[in-house]
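See below for the structure under consideration.
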Amino acid sequence: MNAIIRNGRVIDPANRRDDVADVYIADGKIVASKSEIRSPESETEEIDAENLIVAPGLIDLHVHLREPGFGHKETIESGARAAAAGGFTTIVCMPNTAPVPDNPGTIAWIKDRASNVSRVNVLPTGAISKNLGGEELAPIGSLAQAGVVAITDDGHCIQNHELMRRAVEYARMVGVPVLDHCQDYNLVGNGVVHEGYWSTLLGLPGWPAAGEEAIVMRNILLAELCDHHIHCQHISTAGSVRLLREARARGVKISGEVCPHHIALTDDAIQTFDTNYKMNPPLRSQNHVDAVLEGIRDGTLSILCSDHAPHANFEKEVEFDAAPFGIIGLETELGLFLDLLVHKHRTIDIPRLIQMYTVEPSRLLKIDAGTLSVGVRADVTLIDPDLEWTVKADQFHSASRNSPFDGWKLKGRAVRTIVGGNTVWKL
Ligand SMILES: [Zn+2]
């Protein structure tokens with residue numbers, strides 16, 4: 001619980017800090033100086049961070065932990081271990097489990113389970129609608145009281161705009177943000193890949209960009225109407241970026257997040273029919289990838305996350321149409337974003353990348369995390385931005401292996417993850 005992290009480059013965007021210094025941890029909290037560490041020197045952990053970045057513990061606000069109900073894909077325990085190995089100290093889990101957390105009892109179960117088996121902070125979301133059915137609202141006030149950090153129907157999308165309006169109004173009353181998986185069911189139909197050249201050539205049902213953009217537009221209108229924050233999950237299209245940019249410039253309470261696969265890959269990957277390239281929303285064409293990168297560069301897209309979506313091999317190893325959507329991402333996302341956004345495309349610098357993983361999600365969710373301020377819980381991620389490594393899916397801590405990035409050579413990764421002053425993972 002007591003430690004000194006020496007000589008690292010301390011990047012703490014919440015405090016506009018970027019300098020080489022020591023960081024002190026006493027009783028699991030960040031303290032200002034060595035003199036506040038009471039334990040004898042022999043019992044104080046010394047961590048050498050020379051040439052490393054010392055960042056506030058990273059937050060991933062879009063993770064599927066699959067429990068309760070789908071422990072063969074992932075458990076809270078295995079997902080939390082994957083998070084720690086990816087450099088994450090706080091993860092936010094999505095509600096498409098069985099039972100669905102559309103009631104305080106299931107939220108209590110998740111929190112209890114996490115406190116017993118997880119070494120990282122697990123923050124639950126509650127469902128917007130009962131059983132994610134999109135027909136009837138969940139008891140949003142009770143969910144907020146039970147401690148959800150947001151409401152979302154992720155994996156599903158409420159089609160009835162009036163119902164969504166009432167959800168946003170309730171969320172505003174109880175002070176939780178609304179996260180939304182943007183998918184117009186009528187436009188998307190049974191689409192499984194981006195509607196364009198490859199869907200036509202391969203004869204796979206297309207998922208048009210407009211299917212996302214129609215709901216992003218709906219959310220902008222409702223955020224404005226209700227004067228409350230709606231956060232659009234896993235943004236993948238040029239039109240969504242354009243809509244968000246214009247709305248944010250007008251001061252609408254709207255934001256968007258990016259997953260690594262939507263910038264690392266395009267839909268030409270689906271030629272192989274490998275179902276590890278099947279996700280929702282789908283991989284897009286290069287013009288959409290370029291627009292998403294531009295949205296990251298100019299701040300329109302403000303949060304990075306994984307959409308970590310574990311599936312067992314037997315579920316993914318079926319024909320493309322029948323396979324479930326989604327890939328795992330906790331153990332590759334930081335490496336991919338450092339490699340692509342910082343080193344390869346020079347879209348953003350490292351302090352901005354850390355900001356998008358710390359201050360931005362903590363501000364959206366109004367949680368006590370994402371900074372190295374004196375007095376806060378000592379959640380810290382040590383990052384080697386220049387470490388070259390190869391992704392090895394067979395070594396993942398996740399219970400699933402559905403990653404398209406196996407064998408990729410990346411530059412940059414977390415090397416140690418500290419939660420409440422305790423090292424929970426190190427390379
Ligand atoms: Zn989703």
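Some notes on this structure:
- When residues of the stretch 148-175 are limited to those that are more than 16 Å from the ligand (Cβ to nearest atom) and within 18 Å of the chain's Cα centre (by Cα), the one farthest from M217 (Cα to Cα): V148
- Against the list (1) buried (at least 24 other Cβ atoms within 10 Å of the Cβ); (2) free of Cβ contacts under 8 Å to residues at least 24 places away in the same chain, the condition A322 fails is (1).
- The residues in the stretch 224-243 that are touching a strand residue (DSSP E or B) at 6+ places or on another chain (Cβ under 8 Å), closer than 24 Å to Q286 by Cα, within 16 Å of the ligand (Cβ to nearest atom) and among the β-branched types (V, I, T) can be counted, and the count is 1.
- Breaking point among (1) within 16 Å of the ligand (Cβ to nearest atom); (2) over 20 Å from V415 (Cβ atoms); (3) touching a helix residue (DSSP H, G or I) at 6+ places or on another chain (Cβ under 6 Å); (4) of a type outside the set (A, V, I, L, M, F, W, C), for S306: (2)
- Failed item, numbered, when N103 is tested on (1) crowded, with 21+ Cβ neighbours inside 10 Å; (2) farther than 23 Å from G335 by Cβ: (1)
- For the stretch 117-128, the criterion of being open to solvent by 20 Å² or more (accessible area, probe 1.4 Å), touching a residue at least 12 places away in the same chain (Cβ under 8 Å) and over 19 Å from the mean Cα position of the chain (by Cα) is met by at least one residue.
- Each residue in the stretch 278-291 was checked for being open to solvent by less than 10 Å² (accessible area, probe 1.4 Å) and within 16 Å of the ligand (Cβ to nearest atom), and 6 pass.
- Criterion applied to V216, V252, V241 was being among the β-branched types (V, I, T), under 17 Å from M356 (Cβ atoms), open to solvent by less than 20 Å² (accessible area, probe 1.4 Å) and in contact (Cβ under 8 Å) with a residue 24 or more places away in the chain, and the one residue passing it is V241.
- Only one of the numbered conditions (1) within 18 Å of L340 (Cα to Cα); (2) open to solvent by 10 Å² or more (accessible area, probe 1.4 Å) is violated by V391, and that is (2).
- Answer from N51, N15 - the residue that is under 30 Å from I328 (Cα atoms) and open to solvent by 70 Å² or more (accessible area, probe 1.4 Å): N51
- Just one of the listed residues (I59, I4) is open to solvent by less than 30 Å² (accessible area, probe 1.4 Å) and in contact (Cβ under 8 Å) with a residue 60 or more places away in the chain, namely I59.
- Looking across the stretch 148-195, the residues that are in contact with a His (Cβ under 7 Å, 6 or more places away or on another chain), part of a helix (DSSP H, G or I) and not charged (D, E, K, R) come down to V168, A171.
- Failed item, numbered, when E331 is tested on (1) under 23 Å from A210 (Cα atoms); (2) assigned to a loop (DSSP other than H, G, I, E, B): (1)
- When residues of the stretch 176-203 are limited to those that are buried (at least 22 other Cβ atoms within 10 Å of the Cβ) and away from the ligand (no atom under 15 Å from the Cβ), the one nearest to H288 (Cα to Cα): H194
- Matching residues, the stretch 259-294, being within 14 Å of H345 (Cβ to Cβ) and either touching a strand residue (DSSP E or B) at 6+ places or on another chain (Cβ under 7 Å) or modelled with pLDDT under 95 (or both): V292
- Meets criteria (under 25 Å from M94 (Cα atoms) and within 16 Å of the ligand (Cβ to nearest atom)) for E67: no
- Every pair of residues 6+ apart whose Cβ atoms lie under 8 Å, when the first sits in the stretch 157-175 and is open to solvent by less than 10 Å² (accessible area, probe 1.4 Å) while the second is of a type in the set (A, V, I, L, M) and assigned to a loop (DSSP other than H, G, I, E, B): I158/I128; M164/I128; M164/I158; A167/I128; A167/I158
The values are calculated or read from the model by the stated rules, or taken from the named source; none is laboratory data. Quick caveat: nothing in here was measured; it's all calculated off a predicted structure. We place every Cβ from the backbone using ideal geometry, glycine too, and count neighbours over all the protein chains shown. Just so you know, the surface numbers come from the protein's heavy atoms only, side chains and all, with ligands and any DNA or RNA stripped out. Shrake-Rupley method; radii C 1.70, N 1.55, O 1.52, S 1.80 Å.
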